[in-house]
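K.L.:
Below you'll find the structure I mean.
The values are calculated or read from the model by the stated rules, or taken from the named source; none is laboratory data. What you see is a predicted model; the values in this text were computed from it and never measured. A quick note on method: Cβ atoms are made from the backbone with ideal geometry, for glycine too, and the neighbour counts reach across all protein chains shown. Each accessible area value is taken on the protein alone, full model and side chains, heavy atoms only, with ligands, DNA and RNA left out. Shrake-Rupley method; radii C 1.70, N 1.55, O 1.52, S 1.80 Å.
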Amino acid sequence: MFFIFGFVTWLNGPLIAFVKLAFTLGDVAAFLVPMVFYASYLFLALPAAAILRRTGMKRGMALGLLVMALGAALFGQFATMRLFGGALFGLFVIGAGLALLQTAANPYISIVGPIESAAQRIAVMGICNKSAGIMAPIVFGLLVMRGVGDLAARAAVAASPAAREALLDTFAKKIHGPYLVMAAVLALLAFGVLRSPLPELSVGARHDAPREARGLLAFPHFWLGVLCLFLYVGVEVMAGDAIGTYGAGFGLSIAQTGYFTSMTLAGMLAGYVAGLAIVPRLFSQERYLAISAALGIVLAVGAYLTRGYASVGFVAALGFANAMMWPAIFPLAIRGLGRYTETGSAIMIMAICGGAIVPQLFAVLKQHHDFQLVFLLLIVPAYAYILFFAVLGNRVNRTTVNGMAMTGTATGAAMNGMAMNKAGA
């Protein structure tokens, strides 16, 4: 499941290049692709939590996959017709399905075992996700973007507007088949999840959060975690989806930049493997998150101080620094929320909209300032805040009741002792 939706998610990078040519767009308009995709999380995560309370996590994941299948079919159809608004709507629907899926899947993985090893379990999922992310731009390039440099040149010197439109129509139609196949695979996977032996977990019956707590307002570490995840997803998308546009700033061709996302995802895959081996054997989730944030700052500075392929290489290496951030941030933020876990997880998923806002800021600001400087000024403060959350923010009175703060050990033990209903048990 994580492999499939990783494949869908990490198509956004090459899709930016696709829509620029197919719809004749500038960078700001083309960056509506990740903006619409990730903005869907902001609007639909809380409704997703309400849906999950009715369906349960397992059926909720299946429903999310079906919604993604519908979105893939819509995007393929509207992109073939070269209707940009319709194509964006298809991407929004895909994002809506992912919002439902991730609102269920991430807390499911976090609570299905000990909270102290949640990062390790999420890392296994991340390996599947990022392996798909490496493949997605390559497969997309072979099926859709092959010969795109020659096509762009031919379109630029077309004898007439009609001839140019005919060339672009033919190019846009290449995306229809792959997205219909994707829709079918997602629908089959939804059926597979329903028929699978995955246990149905109920998190609503937990009693580890005292009833005197003032809702989520009593968990300041959670809100710091929400902002941390917002900034993290922003820098992750900058390194993964915006890397092609970053490379184009050095004059590199579209035939080359279309594959740069795979480089970033290869870095993330290596980071997940390293994290899986190290956390929690050698470093705690918090310590490894701090190391990763510091590495992100160093690599971002390296990208600014170099040019061409060397600079692109530093950006791709951010994938390694980013790899274990989500697996650490998510469980640290929801630790100890108890019966507020579903709502808290939904708000965390809303924070994924950072992937909509930060890259769009990059697209807008780079029109007026040096693109390398804009890149640096957007992501270094984000990594600095992630470092703060890793060192101090996640420890801020995770919950306080009657003037007594629960420690990380206490909240971890409470999470381990939570009551869970397993279907058929």
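K.L.:
Please name all residue pairs, on different chains or six or more residues apart, with Cβ atoms under 9 Å, provided the first residue is in region 267-292 and is over 11 Å from V391 (Cα atoms) and without any contact (Cβ under 8 Å) to a residue 60 or more places away in the chain and the second residue is of a type in the set (G, A, S) and open to solvent by 20 Å² or more (accessible area, probe 1.4 Å).
P.N.:
Going by the 9 Å Cβ cut-off, the qualifying pairs are G267/A317.
K.L.:
Let me ask something else about it. Identify, from the list A162, A155, A184, A190, the residue that is part of a helix (DSSP H, G or I) and over 26 Å from N12 (Cβ atoms).
P.N.:
Sole residue among the options that is part of a helix (DSSP H, G or I) and over 26 Å from N12 (Cβ atoms): A162.
K.L.:
Can you name the residue in region 87-131 that is of a type in the set (S, T, Y) and open to solvent by 10 Å² or more (accessible area, probe 1.4 Å) and is also farthest from L180 (Cα to Cα) among such residues?
P.N.:
Of everything passing the filter in region 87-131, S117 is farthest from L180 (Cα to Cα).
K.L.:
Is it the case that region 10-26 has a residue that's without any contact (Cβ under 8 Å) to a residue 40 or more places away in the chain and surrounded by fewer than 19 Cβ atoms within 10 Å (Cβ to Cβ)?
P.N.:
Yes, region 10-26 contains a residue that is without any contact (Cβ under 8 Å) to a residue 40 or more places away in the chain and surrounded by fewer than 19 Cβ atoms within 10 Å (Cβ to Cβ).
K.L.:
While we're here: Residue under question is I347, and the condition is that it be β-branched (V, I, T), open to solvent by 10 Å² or more (accessible area, probe 1.4 Å) and part of a helix (DSSP H, G or I); does it hold?
P.N.:
Spelling it out, I347 is indeed β-branched (V, I, T), open to solvent by 10 Å² or more (accessible area, probe 1.4 Å) and part of a helix (DSSP H, G or I).
K.L.:
Give Q372, Q367 a once-over and let me know the one that is open to solvent by 40 Å² or more (accessible area, probe 1.4 Å) and at pLDDT 90 or above.
P.N.:
Just one listed residue meets the conditions, Q367.
K.L.:
Here is a further query. Just the residues that are in a loop (DSSP other than H, G, I, E, B), surrounded by 24 or more Cβ atoms within 10 Å (Cβ to Cβ) and of a type outside the set (A, V, I, L, M), please, taken from region 278-325.
P.N.:
Hits for region 278-325: nothing passes.
K.L.:
What's the number of the condition T55 fails, among (1) surrounded by 20 or more Cβ atoms within 10 Å (Cβ to Cβ); (2) of a type in the set (S, T, Y); (3) in contact with a Leu (Cβ under 8 Å, 6 or more places away or on another chain)?
P.N.:
Every condition holds for T55 apart from (1).
K.L.:
Next question. Name the residue that is surrounded by the most Cβ atoms within 10 Å (Cβ to Cβ), counting only residues in region 240-264 that are part of a helix (DSSP H, G or I) and modelled with pLDDT under 90.
P.N.:
Ranking the qualifying residues of region 240-264, first place goes to T257.
K.L.:
Could you tell me how many of the residues in region 329-344 are at pLDDT below 90 and either assigned to a helix (DSSP H, G or I) or surrounded by fewer than 24 Cβ atoms within 10 Å (Cβ to Cβ) (or both)?
P.N.:
Of the residues in region 329-344, 10 are at pLDDT below 90 and either assigned to a helix (DSSP H, G or I) or surrounded by fewer than 24 Cβ atoms within 10 Å (Cβ to Cβ) (or both).
K.L.:
Quick check on this structure: which one of L180, L168, L151 is at pLDDT 90 or above and either in contact with an Asp or Glu (Cβ under 7 Å, 6 or more places away or on another chain) or open to solvent by less than 50 Å² (accessible area, probe 1.4 Å) (or both)?
P.N.:
L168
K.L.:
Here are A118, A172, A155, A159: which of them is free of Cβ contacts under 8 Å to residues at least 40 places away in the same chain and more than 21 Å from G240 (Cα to Cα)?
P.N.:
A159
K.L.:
How many of the residues making up region 265-300 are of a type in the set (S, T, Y), at pLDDT 90 or above and within 18 Å of the chain's Cα centre (by Cα)?
P.N.:
So the count comes out to 1.
K.L.:
For region 236-254, what are the residues that are over 10 Å from the mean Cα position of the chain (by Cα) and not small (G, A, S)?
P.N.:
Those that are over 10 Å from the mean Cα position of the chain (by Cα) and not small (G, A, S): M238, D241, I243, T245, Y246, F250, L252, I254.
K.L.:
Among the candidates L188, L217, L229, L224, which residue alone is open to solvent by 50 Å² or more (accessible area, probe 1.4 Å) and either modelled with pLDDT of 95 or more or closer than 30 Å to A136 by Cβ (or both)?
P.N.:
So the residue among L188, L217, L229, L224 that is open to solvent by 50 Å² or more (accessible area, probe 1.4 Å) and either modelled with pLDDT of 95 or more or closer than 30 Å to A136 by Cβ (or both) is L188.
K.L.:
Within region 360-382, is even one residue closer than 25 Å to G338 by Cβ and in a helix (DSSP H, G or I)?
P.N.:
No, region 360-382 contains no residue that is closer than 25 Å to G338 by Cβ and in a helix (DSSP H, G or I).
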